[in-house]
Amino acid sequence: MIVAGGGTGGHLFPGLAVAQAADAAGDTVWFVGSRYGIEARVIPSTPFNFIALPMRGLRGHGWRGVLDVAWRLPVSLLRAWRVLGQFRPEVVVGVGGYASAPMVLAAWLRRIPRVLLEQNAHPGLTNRRLARLANRVCIAFADAVTFFPAGRATLTGNPVRTLRSSEVTPRVGFTLFIFGGSQGAHHLNLAMTDAAAALSQRVPQLHVVHQTGTADLELVRARYAEAGVEADVSAFIDDMGAAYERADLVVCRSGATTVAELTTLGKPAILIPYPFAADDEQRANAEVLVRRGAAEMILDRDLTGALVAERVSALAADPARRQAMASAARQLAVPDAAERVLAVCREVIAQEARHA
């Protein structure tokens, strides 16, 4: 199996979950991604081999950005063609991101079975187009089925990487876990630190765990220290399992992978959808949880320190409400999503073998 794509954690981590399931089943897995994406840092620390393509997203504006992509796409497609010829996988799983398109296209040209993962309730344009070349599309939300050719989408849930940590030390007090995705979120970082002083007064024994991204790391550390808030601040958290386990409440964006992790682990959350996501997909994801009572939502345009302090302190004072949110989140979970995707892959391989 080749798992192709990445760029952000939202694309990479579902692919990693499928790879873990395939590895546990005795399959051999290779990752193909962009040398510029998060996968180039994360995958080398896993048991899986990593193959880098020169593909990356549009950088800048105007003709220079277009020319940059124009030469990278055919070079990446040629590299993908050669990788498939060298390793001869039984299936290519496209998870989205820069490297997904050339690998899926090359697999189509070589007549190798192709499965896509669509993590969002409102699919992005790339997967909607690639679906025409795919044997099957594994979707995380039932709402997404209408965006794909009839009979091609299968509801599997969004695969979640192994997150449970065996090294979590119980902490007294209230732990608030904040993150804006693998690359951070500047507006969220500022709002949370604006709220810090008020929260330190309203929430007894408050402890904050905050993943900031690289750019805001020192700023956020300084602002928590100034507010007198006990905080563990990191640019990137490798052991997300431990961070989730400790959390009494999560404040975060609503990317599809984050939503899947929250439901799988049963964590109450305040979701702040990223306002510039394609087709407002993060708001669609958040609304699924809000409708079921599993989360609250604050739109980015409404996000202020005062509002988030009000929402967090209200939930901190209401453990019954948090427990109800956690229970509702678990009702939305698909804990065996990776195994379901793997089953779809095996079905597609068998179908292609019969038609060969």
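Values quoted throughout were computed directly from the atomic coordinates according to the rules given, and no laboratory measurement underlies them. Values in this document were obtained by computation on a predicted structure and should not be read as measured data. Note: ideal-geometry Cβ built from the backbone for every residue, glycine included; neighbour counts use all protein chains shown.
Charges at C-beta only: +1 for Lys and Arg, -1 for Asp and Glu. How large is the resulting dipole of region 67-129 about its Cα centre, in Debye rounded to 20? Could the numbers behind the result be given before it?
Working: 9 positive and 3 negative charges, 47 e Å.
It comes to approximately 220 debye.
Gain in length, Leu109 to Thr46, computed as 0.36 nm per residue apart minus the alpha-carbon separation, to one decimal in nm?
Numbers: separation 63, 0.36 × 63 = 22.68 nm, distance 2.98 nm.
Here the answer is 19.7 nm.
Here the Debye sum runs over all C-alpha atoms of region 1-134 as equal scatterers in vacuum, and log10 of I(q)/I(0) at q = 0.11, 0.12, 0.18 Å⁻¹ comes out as -0.35, -0.41, -0.95. Each Lys and Arg adds +1 at its Cβ and each Asp and Glu adds -1 at its Cβ; summed about the Cα centre, region 110-213 shows a dipole of about 740 debye. Treating the angle as unsigned and between 0 and 90°, give the value, to the nearest 10°, between the Cα long axis of helix 337-355 and the longest Cα principal axis of the chain. The answer is roughly 10 degrees. In sequence order, region 292-306 has phi-based couplings of 8, x, 8, 7, 10, 10, 10, 5, 4, 5, 9, 6, 9, x, 5 Hz under the Karplus curve 6.51 cos²θ - 1.76 cosθ + 1.60, θ = phi - 60°, and Gly or Pro positions carry x. With 5 Å bins beginning at zero, the pair-distance distribution over Cα atoms of region 263-319 amounts to 4, 18, 26, 25, 19, 7, 1, 0 %. The Kirkwood radius of region 174-331, taken over pairs of alpha-carbon atoms, gives through the Stokes-Einstein law at 4 °C and 1.567 mPa s a diffusion coefficient of 85 µm² s⁻¹. Would you please classify the overall shape of the chain from the alpha carbon gyration tensor, given that a ≥ b ≥ c denote the square roots of the eigenvalues, rounded means a/c under 1.5, and beyond that prolate means a/b larger than b/c while oblate covers the rest? It comes out prolate by the Cα gyration axes. Among Ser45, Ser234, Ser254, a tally of other beta-carbon atoms within 10 Å of each Cβ gives an order, fewest to most, of Ser45, Ser234, Ser254. The long axis of helix 62-87 is offset from the longest Cα principal axis of the chain by roughly 60 degrees.
Remark: region 110-121, residue by residue, has Karplus-estimated 3J(HN,Hα) of 8, 6, 9, x, 10, 10, 9, 9, 10, 8, 9, 5 Hz, where x stands for each Gly or Pro and the curve is 6.51 cos²θ - 1.76 cosθ + 1.60 at θ = phi - 60°. Between 0 and 90 degrees, the angle of helix 319-331 with respect to the longest Cα principal axis of the chain falls at about 10 degrees.
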